[in-house]
Amino acid sequence: MPKKLTEADMALLAFAREVHPRAYAPYSGFRVGAAVFAGGEIFQGVNVENAAYGSTICAERAAALAAVTAGHTEFDAVAVVGDSEAPCVPCGACRQFLAEFNPAMRVIMGGRTDAVDALRLDELLPEAFVRGYLDQDDGDDDA
């Protein structure tokens, strides 16, 4: 169920909308802009397509990479804006990627219209594969 939108949500969405036109999408024609809020700062990114489709990077991951490059590994929120009529949701790969930095972060989603949704990432990706699954403790205290 979508959450009530805050002023902070709308401000972050505005940063995603601002960068959206800069997307490089010559193959799909579907531009996406994103903004990550981390450490009190905002980091923007766009989708960048490639003729080798698997080399394409999504806007959410581009923004996340900018945040990590700046030294932030805990994200509070991400906003995503796409060329769709309906609010643009992060793809599955981006949901998993973002879960690394806060499975409960707020996700604000917009499109070409005024329709906007906001959910927690763990609502979009329940039971995400996160750091805890890689713990190697087998429970044997005799080691």
Only one of A63, A34, A67 is of a type in the set (A, V, I, L, M), touching a helix residue (DSSP H, G or I) at 6+ places or on another chain (Cβ under 6 Å) and surrounded by 20 or more Cβ atoms within 10 Å (Cβ to Cβ); which?
A34
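Residues checked against (1) more than 22 Å from L124 (Cα to Cα); (2) within 13 Å of the chain's Cα centre (by Cα); (3) not small (G, A, S):
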| residue | (1), (2), (3) |
| --- | --- |
| F30 | no, no, yes |
| G33 | no, yes, no |
| G45 | no, yes, no |
| E49 | yes, no, yes |
| A70 | yes, no, no |
| A79 | no, yes, no |
| V89 | no, yes, yes |
Name, by its number, the condition in (1) within 27 Å of F129 (Cβ to Cβ); (2) touching a Leu at 6+ places or on another chain (Cβ under 9 Å); (3) among the aliphatic types (A, V, I, L, M); (4) not in a loop (DSSP other than H, G, I, E, B) that does not hold for A104.
(4)
Checking V89 against (1) in contact with a Phe, Trp or Tyr (Cβ under 8 Å, 6 or more places away or on another chain); (2) modelled with pLDDT of 95 or more, only one condition comes out false. Which one?
(1)
Under 8 Å by Cβ, and 6 or more places apart or on different chains, what pairs join a residue from region 49-76 that is over 17 Å from V32 (Cβ atoms) and at pLDDT 95 or above with one that is among the basic types (K, R) and surrounded by 11 or more Cβ atoms within 10 Å (Cβ to Cβ)?
D76/R106
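The values are calculated or read from the model by the stated rules, or taken from the named source; none is laboratory data. Note that the structure is a prediction, hence the values are computed from the model and not measured. Here the Cβ is made from the backbone with ideal geometry for all residues, glycine too, and neighbour counts use every protein chain on show.
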